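Here's the structure we're looking at; comments come further down.
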Amino acid sequence: MKKRFIWSKWSRKTHYWGSFVISIPVLLIIISGILLQLKKQVYWIQPPTQKGQIQNNPSISFDDILNAIKTVDEININSWNDIDRLDFRLEKGIVKVRGKNRWEVQVDTQTKKVLQVAYRRSDLIEQLHDGSWFHPKVKLYIFLPSGIILFILWLTGIYMLILPYTLKWKKKKR
């Protein structure tokens, strides 16, 4: 009986203090996670993918891609050094060019025309979600321990949920 009391007391204290310690990181993870779940539905988070004229048959070169996006003044991309990544969507007939400044330009892989220019927030939200936006060490030393503590809270919560039922079962068994 005393062992169960000590375990229950430890479980409640762990639950109380663990919840307090991880409240801010977990709140940020929850909010950013909800936004990431909606990124395909909410165009403010991630621009919709356009469709090019011809799918699965690209005829665009890397020089054509760079020349096409240089024509868009508002994104301020002048060389390959300003580009974070290229995302080829052959089934849609486009290439998404993401700048280091989070602007996205979608270019038709056949006509070489710019189909869409939009600011992309999903990458920023992902960095907030995993903590890497703050600093790489924050990801490792704050968000990872918060995840581990959250798992411990889950375990202690399950224990506190099941405990009354096991006590009733043991009383009935006697």
Open item on the list: Condition first: free of Cβ contacts under 8 Å to residues at least 12 places away in the same chain and under 16 Å from VAL26 (Cα atoms). Now tell me which residues in segment 148-174 satisfy that.
Closed with: ILE148, PHE151, TRP154
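Out of all the residues in segment 23-58, which are touching a helix residue (DSSP H, G or I) at 6+ places or on another chain (Cβ under 8 Å) and farther than 13 Å from ASP123 by Cα?
Result: PRO25, VAL26, LEU28, ILE29, VAL42.
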Open item on the list: Out of PRO47, PRO58, I need the residue that is out of contact with any Cys (no Cβ under 8 Å at 6 or more places or on another chain), in contact (Cβ under 8 Å) with a residue 12 or more places away in the chain, within 30 Å of ILE30 (Cα to Cα) and assigned to a loop (DSSP other than H, G, I, E, B). Which one?
Closed with: PRO47
Task: Output for segment 144-160, where each listed residue is of a type in the set (Val, Ile, Thr) and loosely packed, with under 13 Cβ neighbours inside 10 Å - done: ILE148, ILE158
Open item on the list: Being assigned by TED's automatic domain parsing to the domain that holds GLY33, in contact with a helix residue (DSSP H, G or I) (Cβ under 6 Å, 6 or more places away or on another chain) and assigned to a helix (DSSP H, G or I) is the requirement here; does PHE151 meet it?
Closed with: no
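The values are calculated or read from the model by the stated rules, or taken from the named source; none is laboratory data. Since the model is a prediction, treat every value here as computed from it, not as a measurement. FYI the Cβ positions are ideal-geometry reconstructions off the backbone, even for glycines, and counts take in every protein chain you see.
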